[in-house]
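Notes follow the structure.
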Amino acid sequence: MKKINFIKSYKKKFIGSVNLKNLSLPVIFNQDYKYLKKALKEKEVSTYGKYTKIFEKNLQKYVKSKYVISTINGSSAMQISMIATGIKENHEVLMPSFNYISNANAASNCGAVPHFVDCEEETFGVCPKKLIEYLNRISVKVGGKLINKKTKRIIKAIVLVYIFGHPPKMDELIAIAKRFKLIILEDAAEALGSYYKGKHAGTFGTIGTLSFNGNKIITTGGGGAVLTNSKKIADKIKKLSSNGRKFHRWKFIFDTKGYNYRLPSINSAMGISQLKNLNRIIKKNRSLFKEYMSFFNSNNEIKVQKEPKYSRSNYWLQTLVLNGKLSSKRDIIIKKFIKNQVEVRAGWDLLSETKMYKNCPKMKLENSKKLISRIINIPSRKILS
């Protein structure tokens with residue numbers, strides 16, 4: 001247990017400069033209050049008002065996507081993205097088992113079946129090598145469609161997730177998706193401000209999604225967005241998120257089933273303000289990563305997860321990966337952190353092991369199983385003056 005004595009020195013080192021009582025506390029600026037007061041004064045509180053249009057336009061410029069449609073959260077963004085791309089009953093959607101549950105829920109709510117694939121330790125994302133070997137073995141192309149030999153269902157799409165803000169190996173994964181004719185859905189909920197080879201997260205596939213939940217790198221209280229370069233899909237998303245309403249200047253025409261998923265103008269007002277400070281927050285996150293690297297450098301049984309090659313990460317959540325004798329001590333270390341009043345958490349449990357999705361198709365998940373028992377997320381926000 002000698003090697004676990006680093007926790008007290010960690011607290012001593014970072015208390016006062018890092019918010020140790022919260023993993024990812026939102027950074028609220030004085031400017032945010034001004035925007036909120038202005039929205040209230042103008043009674044801009046409802047869905048799709050003036051500030052929603054401005055927020056979407058500013059996001060569009062930042063991420064360089066042709067179309068941006070804001071939503072009430074990241075989960076709703078992914079669900080309507082799946083609907084808009086035609087995912088439905090008798091379809092399977094590939095996604096990492098090491099992944100937040102909202103993606104599996106989105107597929108299930110469309111009538112489709114989540115199909116779990118393995119990750120890799122370098123990026124935390126889908127492992128390209130294992131994926132292509134697996135698809136060659138379990139699937140067959142019939143009439144331009146990819147069919148699961150065992151279930152006879154169509155494997156329609158793949159969800160690529162930017163775990164903790166880090167991009168996966170996009171070049172390799174895009175090539176695999178093209179080869180097998182898979183729709184690419186990017187879950188960039190944690191990756192606003194992250195880039196792969198100079199291109200923003202969420203802008204590679206058919207659709208990308210973002211989240212502005214209270215713990216994300218910027219927040220609108222609750223909120224999300226859909227990114228796409230397709231006008232046809234953007235129009236579908238707008239209609240789906242507006243209760244299926246066909247646009248008309250004064251009539252209410254509903255010609256398809258939809259949802260009330262649009263982001264209110266008052267939330268968007270806060271988003272406009274927060275987005276102005278995004279690069280400042282990322283700069284602090286990247287600085288904190290360097291400090292963590294320096295602090296943990298002397299312990300060869302603890303690795304601070306760094307951005308993958310060719311990537312620039314927002315470092316949304318700073319992450320420790322335990323090795324050697326510490327690899328089986330995750331829960332002991334977490335309890336010691338908490339005892340010292342430092343907020344930490346384990347990674348998510350594998351979706352393939354949840355009660356709802358344990359019977360879904362999956363490949364062998366050796367990497368995921370080895371990884372999740374060794375991950376600890378640690379405080380990730382420096383105190384900004």
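Here are the numbers for the structure shown:
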read-out	value
Filter result (surrounded by fewer than 20 Cβ atoms within 10 Å (Cβ to Cβ) and within 24 Å of Gly214 (Cβ to Cβ)) within segment 61-99	Tyr62
Selection count where residues are closer than 23 Å to Leu278 by Cα, of a type in the set (A, V, I, L, M) and either in a helix (DSSP H, G or I) or not assigned by TED's automatic domain parsing to the domain that holds Ile282 (or both), scope segment 1-22	0
Unique match (being closer than 20 Å to Ile83 by Cβ, crowded, with 16+ Cβ neighbours inside 10 Å and modelled with pLDDT of 95 or more) among Leu192, Leu182	Leu182
Single residue of segment 309-347 satisfying the filter (over 23 Å from Ser287 (Cβ atoms) and small (Gly, Ala, Ser)) that is nearest to the chain's Cα centre (by Cα)	Gly347
The listed residue being in contact (Cβ under 8 Å) with a residue 60 or more places away in the chain and crowded, with 21+ Cβ neighbours inside 10 Å, out of Asn285, Asn260, Asn229, Asn279	Asn285
Any chance Lys362 is of a type in the set (Lys, Arg) and touching a residue at least 24 places away in the same chain (Cβ under 8 Å)	yes
Cβ-Cβ under 8 Å pairs, at least 6 apart or on other chains, segment 313-328 side free of Cβ contacts under 8 Å to residues at least 40 places away in the same chain, far side not in a strand (DSSP E or B)	Gly324/Asn300; Gly324/Glu301
Output for segment 242-288, where each listed residue is of a type in the set (Gly, Ala, Ser) and under 15 Å from Trp316 (Cα atoms)	Ser287
Among (1) in a loop (DSSP other than H, G, I, E, B); (2) surrounded by fewer than 17 Cβ atoms within 10 Å (Cβ to Cβ); (3) touching a Lys or Arg at 6+ places or on another chain (Cβ under 8 Å) - the single one Gly214 does not satisfy	(3)
From the options Leu25, Leu40, Leu36, residue that is touching a residue at least 60 places away in the same chain (Cβ under 8 Å) and under 19 Å from Asn340 (Cβ atoms)	Leu25
Strands (runs of 3 or more DSSP E) wholly inside segment 268-385 containing at least 3 residues that are acidic (Asp, Glu)	none
Filtered residue count, segment 43-73, keeping only those that are closer than 14 Å to Gly224 by Cβ and touching a Pro at 6+ places or on another chain (Cβ under 7 Å)	1
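The rows are residues; the columns are (1) loosely packed, with under 15 Cβ neighbours inside 10 Å; (2) touching a helix residue (DSSP H, G or I) at 6+ places or on another chain (Cβ under 9 Å); (3) not β-branched (Val, Ile, Thr); (4) not assigned by TED's automatic domain parsing to the domain that holds Leu36.
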| position | (1), (2), (3), (4) |
| --- | --- |
| Ile272 | no, yes, no, no |
| Lys306 | no, yes, yes, yes |
| Lys309 | yes, no, yes, yes |
| Ser352 | no, yes, yes, yes |
| Cys360 | no, yes, yes, yes |
| Lys370 | yes, yes, yes, yes |
| Arg374 | no, yes, yes, yes |
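The values are calculated or read from the model by the stated rules, or taken from the named source; none is laboratory data. What you see is a predicted model, and the numbers here were worked out from it, not measured in a lab. In this analysis, Cβ positions are derived from the backbone assuming ideal geometry, glycine residues included, and neighbour counts consider all displayed protein chains.
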